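Asks: I'd like to ask you about the structure that follows.
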There are 2 protein chains.
Amino acid sequence: MFGCVRGRKNSREKILDAAAELVSEIGSGRLTLDAVAERAGLSKGGLLYNFPSKDALLQGMIQRMIDEVSAEKEALRGQTAPGPNLEARLCTATMLNMRCGNMREIANGLLAASSENPRLLEPVRQIIKETLERLKETSDDLDASLLAWLAVEGLSNFEIHDLSPFSEQDRERIVASIGRLLNKGIAE
Amino acid sequence: MFGCVRGRKNSREKILDAAAELVSEIGSGRLTLDAVAERAGLSKGGLLYNFPSKDALLQGMIQRMIDEVSAEKEALRGQTAPGPNLEARLCTATMLNMRCGNMREIANGLLAASSENPRLLEPVRQIIKETLERLKETSDDLDASLLAWLAVEGLSNFEIHDLSPFSEQDRERIVASIGRLLNKGIAE
DNA sequence: GTTTATATACCGTCTGGACGGTAAAGTGCA
DNA sequence: TGCACTTTACCGTCCAGACGGTATATAAAC
C-alpha cells in the first residue's frame, strides 16, 4: 500500500497505546520505559528510537490526549442542538462522553506527566486558558457556564482517581442538572 | 525537664512537614526518603524508624491531610450562618478557604500517594463517600449542593496542578456564584 | 542507690535491584 | 549501498530498605 507498515508512525501509536494502558493499570508513578517497550512489543532501544527520552514519551502522550479530546469536541459540535451556552455545553459533553474508554487513560497520562515533570502540562494549561477565553466570549450566562465546566472537571477528577462515590443514577442526575444549569442559569 | 525533647511525636510531625514541603517543591514523583530525611533534619534510619516504609510515610501524609481538612471544617461549622444547604456550604467553604497555605500541599500529597500506589487513596475514597451521604441526607436542594461541591473540586484541581486560568476576580466571581447557587438553586 | 535489663529513638553504611539512557551491531527495504 | 528502524548488550545512577550499632530513658532487682 502506501508508506511503511512497520514504520515509525505505527510504532509510535503502539507505544503510546501501551503507555496509556500501563498508566491506568499500574499507576502514573510506576511507568517505566522497560514496561512500555515490552507492552508495545518492542525493545527498549526501539522505544528510545521513537521517543528519545521518557520526557518525550510523556509529551507525546499528552499531545495525543489533547488531539483526541479536541477531535471529540469537534465531532460533537456537528450534532449538538443550538441553544444557550453552546460552547460550555460542548465542553461538558465532551468530557462526559469520553468517560467510558479513553477518558481514564487520558487523565492518567496527565497525572503521569505531572508527577514526573509538571512542566509537561504546559500545553494543557494553554488549552484550558483558551477554553476560558472562548467561554467568556460566547457564553450567554458566564456564571452558569463556568460552574458547569468546573463541575464536570470535578466529576472527571473523581472518576479518574477512582474516587467517585456516585452511582449510575447519581451521575445521570448530575449530568441532567448540569444541563438545566446551562439552559436556565442560577435562580433569581 | 520532662520526657524526651526528641520524641517520636515531634519527629513524625517534622517528617510529615518535610515531606509535604518537598512534594510541592519537587513534584510528587520525585519524593525520596533521603530527601525527606535530610529536610526533616534526621537520618534515613531515623526516618524509617518513624515510618517503616515509604508507603507508611505516604499513608501518614494522607491521614494528616484528612485530619486537617476535617478540623478546618469543624472550625468553620461554628462560624457559618444558618441557611439552606448548610453542609454543602461548609464543604465548599472549607476547600476554598484552605487554598492559600496548606491546600496545595494537601492535594500534592494525594498526588504523590496515588502516583506511587493508588490504594493509598482508600481513606480519601471513604471520606468522599461519607460526604456524599451527608449531602444527600441534609441538603435542601441536592442538585445545587452536588454541583457546588463538584465545581469546587474542579476549581481546586485546577489550582493544585497549577492549571487554573482564573484571575483573582474570576475566582471571586466563581465563588460568589457558587454561593448564589447554594442559596437560590437552579432556575425554574 | 547502684547495677542489670529492656525499651525507645536514632544514626550511617551497605546492597541489590530498578531504571533511564547509550552505543554498536543487525535487518530489510529503496 | 544507504537509510530507517530495531535489537542486544551494557553503563551509571538513584533509591528503598536492611542492618548493625549508639545513646538515652525507664524499669526492675538487689
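Asks: Nm distances between the label at A:PRO123 and the same-position labels in the remaining copies, 7 Å along Cα→Cβ, shortest first?
Replies: Result for A:PRO123, in nm, nearest copy first: 3.7.
Asks: Another one. What residues of region B:132-147 lose no less than 10 Å² of accessible area with every protein chain in place versus their chain by itself (probe 1.4 Å, heavy atoms only)?
Replies: SASA drop of 10 Å² or more in region B:132-147: B:LEU132, B:LYS136, B:LEU142, B:ASP143, B:LEU146, B:LEU147.
Asks: Please tell me the relative contact order of region B:56-184 in percent, rounded to the nearest whole number, where contacts are Cα pairs under 8 Å and at least six residues apart. Mind showing how you got there, number by number?
Replies: Numbers: 92 pairs, mean separation 45.8, N = 129.
Averaging sequence separation for qualifying contacts and normalising by length gives 36 percent for region B:56-184.
Asks: Could you give, in nm with one decimal, how far B:GLU172 is from each other copy of that position, shortest first, with labels 7 Å out from Cα toward Cβ?
Replies: So the label point of B:GLU172 gives 4.3 nm to the other copies.
Asks: Over region A:8-184, with every protein chain in place, what whole percent of the accessible area is carbon and sulfur at 1.4 Å, could you tell me?
Replies: Details: 3940 of 8040 Å².
Using a 1.4 Å probe with all protein chains present, region A:8-184 comes out at 49 percent carbon and sulfur.
Asks: Next question. Can you give the charge dipole size of region B:51-172 about its Cα centre, rounded to the nearest 20 debye, using +1 on the beta carbon of Lys and Arg and -1 on the beta carbon of Asp and Glu?
Replies: On the way: 13 positive and 21 negative charges, 59 e Å.
Once rounded to the nearest 20, the dipole reads 280 debye.
Asks: Further question on the same structure: Put a label point 7 Å from Cα along the Cβ direction on B:ASP55, then list its distances to the equivalent points in the other copies in nm, shortest first.
Replies: 3.3
Asks: Continuing with the same structure: Dipole of chain A (Lys/Arg Cβ +1, Asp/Glu Cβ -1, origin at the Cα centre): which of A:LEU111, A:LEU47, A:ILE62 lies farthest to the positive side?
Replies: Checking the options against the dipole of chain A, the answer is A:LEU47.
Asks: Order A:THR138, A:THR94, most accessible first, counting only protein heavy atoms with a 1.4 angstrom probe.
Replies: On the way: A:THR138 60, A:THR94 5 Å².
Descending order: A:THR138, A:THR94.
Asks: Estimate for me the total accessible surface buried between chains B and A (protein heavy atoms, probe 1.4 Å, no ligands or nucleic acids), in Å² to the nearest 100. Walk me through the numbers before you get to the answer.
Replies: On the way: alone 11270 and 11280 Å², together 18380 Å².
So the buried area, both faces added, is about 4200 Å².
Asks: Same structure again: What ratio of Cα Rg to 2.2 N^0.38 Å holds for the protein assembly as shown? Let's see the in-between values first.
Replies: On the way: Rg = 22.1 Å, N = 376, 2.2 N^0.38 = 20.9 Å.
The protein assembly as shown yields a ratio of 1.06.
Asks: So which lysines can B:LYS184 reach, going by Cα to Cα under 28 Å and dropping same-chain residues fewer than 8 places off?
Replies: A:LYS136, A:LYS184, B:LYS73, B:LYS129, B:LYS136
Asks: What is the mean number of Cβ atoms from other protein chains located within 10 Å of the Cβ atom of each residue in peptide B:162-173, rounded to a whole number? Could you put the intermediate results ahead of the total?
Replies: Details: counts 6, 11, 4, 10, 5, 1, 0, 0, 4, 0, 0, 3.
Partner Cβ neighbours, averaged per residue: 4.
Asks: Helix A:104-116 versus the longest principal axis of chain A: what angle, 0 to 90°, nearest 10, using Cα atoms?
Replies: Rounded to the nearest ten degrees, it is 70.
Asks: Relative to the longest principal axis of chain B, what angle (0 to 90°, nearest 10) does the C-alpha long axis of helix B:54-79 take?
Replies: 40 degrees
Asks: Enter the angle in degrees (range 0 to 90, nearest 10) between the Cα long axis of helix B:86-97 and the first principal axis of the Cα atoms of chain B, meaning the one along which they spread out most.
Replies: That works out to roughly 50 degrees.
Asks: Moving to a separate point now. Could you tell me which of rounded, prolate or oblate describes chain B, using a ≥ b ≥ c as the square roots of the eigenvalues of the alpha-carbon gyration tensor, with rounded for a/c under 1.5 and, failing that, prolate when a/b is larger than b/c and oblate otherwise? Let's see the in-between values first.
Replies: Numbers: a/c = 2.37, a/b = 1.98, b/c = 1.19.
Here chain B falls in the prolate category.
Asks: Checking the a/c ratio against 1.5 first, then a/b against b/c, what shape does the Cα gyration tensor give for region B:99-160? Mind showing how you got there, number by number?
Replies: Working: a/c = 2.78, a/b = 1.53, b/c = 1.82.
The shape class here is oblate.
Asks: With +1 assigned to the C-beta of every Lys and Arg and -1 to the C-beta of every Asp and Glu, and no other charges, what is the dipole magnitude of region B:27-74 about the Cα centre in debye, to the nearest 20? Please report the intermediate quantities before stating the final value.
Replies: Values: 6 positive and 7 negative charges, 45 e Å.
Computed about the Cα centre, the dipole is about 220 debye.
Asks: Here is a follow-up. Roughly how crowded by other chains is peptide A:178-184, in terms of the mean Cβ count from those chains within 10 Å of each of its Cβ atoms? Intermediate results must be reported in sequence, preceding the final value.
Replies: Details: counts 6, 0, 5, 8, 1, 3, 3.
Mean partner shielding for this stretch: 4.
The values are calculated or read from the model by the stated rules, or taken from the named source; none is laboratory data. This structure is a prediction, so every number in the text was calculated from the model and none was measured. Note: ideal-geometry Cβ built from the backbone for every residue, glycine included; neighbour counts use all protein chains shown. For accessibility, only protein heavy atoms count, side chains too; no ligands or nucleic acids. Shrake-Rupley method; radii C 1.70, N 1.55, O 1.52, S 1.80 Å.
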